[in-house]
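**Student:** Structure incoming, see below.
The values are calculated or read from the model by the stated rules, or taken from the named source; none is laboratory data. Values in this document were obtained by computation on a predicted structure and should not be read as measured data. Please note: Cβ atoms are built from the backbone with ideal geometry, for glycine as well, and neighbour counts cover all protein chains shown. With ligands, DNA and RNA removed, areas are computed over all heavy atoms of the protein, side chains included. Shrake-Rupley method; radii C 1.70, N 1.55, O 1.52, S 1.80 Å.
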Amino acid sequence: MRRCEECALWEPAGAPGCARCARLVDEIVEEGWRAFLAREFPEAGPQEERAIAELVTDEPDRHQWRVVDAAYDRLTCGECGGGLGRGPVGCGPCDLANGFRFIAVETDRPHVPPGNEHALRVNVAAVRRPHWVSEGELLLRRLSLPVLLEGRLPTTAQAQATRALYNEGASMERIVAAVYDWGR
């Protein structure tokens, strides 16, 4: 894990408030998109990306979650005008797209515990759409990103104990210490 030069938190735990950490979270998704294009559409240029994104979002259950998330980033919601799936809570097309994103394929990376990729995916989704979750959930999800990216995964008991610390009003230092102890 590395400290962010801008916010001093472990990268990318400062997202979405820290611009550098937010870019790093987006890069988690974008690297999957670039690999997909290189593998499946090596001749495609930027002008074809929208059409490819539409193909991907028509069959989200056939693609890795990072590819699906990146595809939605390339589409615009006809109702709210924002990125499809990133609009305000209650925007019908965005709510629908956000739901469909979770039927995409999750393949754990090599050398991580089973379920790490799911945890990473849920946390990335929350951090990239902070208006969809409570302040407390956003805090815990963003703080967990460095640990998940490192390949660790909390037990159910560890995750529940960390949430209980937050609910009890524990200090930020105590919450951070609990999160960074996950998987050890």
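Residues are listed down the side, and each one gets a yes or a no for (1) open to solvent by 40 Å² or more (accessible area, probe 1.4 Å); (2) closer than 26 Å to residue 18 by Cβ; (3) in contact (Cβ under 8 Å) with a residue 12 or more places away in the chain; (4) among the basic types (Lys, Arg):
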{"position": "111", "(1), (2), (3), (4)": "yes, no, yes, no"}
{"position": "118", "(1), (2), (3), (4)": "yes, yes, yes, no"}
{"position": "126", "(1), (2), (3), (4)": "no, yes, yes, no"}
{"position": "130", "(1), (2), (3), (4)": "yes, yes, yes, no"}
{"position": "152", "(1), (2), (3), (4)": "no, yes, yes, yes"}
{"position": "165", "(1), (2), (3), (4)": "no, yes, yes, no"}
{"position": "174", "(1), (2), (3), (4)": "yes, yes, no, yes"}
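**Student:** When the residues of the range 45-71 are filtered to those that are open to solvent by less than 40 Å² (accessible area, probe 1.4 Å) and part of a loop (DSSP other than H, G, I, E, B), which remaining residue is nearest to residue 123 (Cα to Cα)?
**Tutor:** Only one residue tops the list, namely 63.
**Student:** Starting from residues that are among the aliphatic types (A, V, I, L, M) and either open to solvent by less than 60 Å² (accessible area, probe 1.4 Å) or touching a Cys at 6+ places or on another chain (Cβ under 9 Å) (or both), keep the ones in the range 132-150 and report whichever is farthest from residue 177 (Cα to Cα). Quick ask: steps written out before the conclusion?
**Tutor:** Residues of the range 132-150 among the aliphatic types (A, V, I, L, M): 133, 138-140, 143, 145, 147-149.
With the extra rule that they be either open to solvent by less than 60 Å² (accessible area, probe 1.4 Å) or touching a Cys at 6+ places or on another chain (Cβ under 9 Å) (or both), the set shrinks to 133, 138-140, 143, 145, 147-148.
On the way: 133: 23, 138: 17, 139: 14, 140: 12, 143: 10, 145: 14, 147: 11, 148: 15 Å.
Residue satisfying both the conditions and the ranking: 133.
**Student:** Open to solvent by less than 30 Å² (accessible area, probe 1.4 Å) and touching a Ser or Thr at 6+ places or on another chain (Cβ under 9 Å): is that true of residue 75 in this structure?
**Tutor:** The answer is yes for residue 75.
**Student:** While we're here: Of everything in the range 78-109, what is among the small types (Gly, Ala, Ser) and either touching a residue at least 12 places away in the same chain (Cβ under 8 Å) or open to solvent by less than 10 Å² (accessible area, probe 1.4 Å) (or both)? Give them in sequence order. Steps first, please.
**Tutor:** If we filter the range 78-109 for residues that are among the small types (Gly, Ala, Ser), which is where we start, we get 78, 81-83, 85, 87, 90, 92, 97, 99, 104.
78, 82, 85, 87, 92, 97, 104 - these are the residues of the range 78-109 that are among the small types (Gly, Ala, Ser) and either touching a residue at least 12 places away in the same chain (Cβ under 8 Å) or open to solvent by less than 10 Å² (accessible area, probe 1.4 Å) (or both).
**Student:** Give me a count of the residues in the range 74-99 that are of a type in the set (D, E, K, R), in contact with a Lys or Arg (Cβ under 9 Å, 6 or more places away or on another chain) and modelled with pLDDT of 95 or more. Step through it out loud before you land on a result.
**Tutor:** Let us first name the residues in the range 74-99 that are of a type in the set (D, E, K, R), namely 74, 79, 86, 95.
Pick out the ones that are also in contact with a Lys or Arg (Cβ under 9 Å, 6 or more places away or on another chain) and you get 74, 86.
Now restrict to residues that are modelled with pLDDT of 95 or more: 74.
Matching residues across the range 74-99 total 1.
**Student:** Give the residues of the range 10-38 that are in a loop (DSSP other than H, G, I, E, B), open to solvent by 40 Å² or more (accessible area, probe 1.4 Å) and either within 11 Å of residue 128 (Cβ to Cβ) or in contact with a helix residue (DSSP H, G or I) (Cβ under 7 Å, 6 or more places away or on another chain) (or both), sorted by residue number. Quick ask: steps written out before the conclusion?
**Tutor:** Step one: filter the range 10-38 for residues in a loop (DSSP other than H, G, I, E, B), giving 11-18.
Add one more test, that the residue is open to solvent by 40 Å² or more (accessible area, probe 1.4 Å), and what stays is 16-17.
Listed by number, the list holds a single entry, 16.
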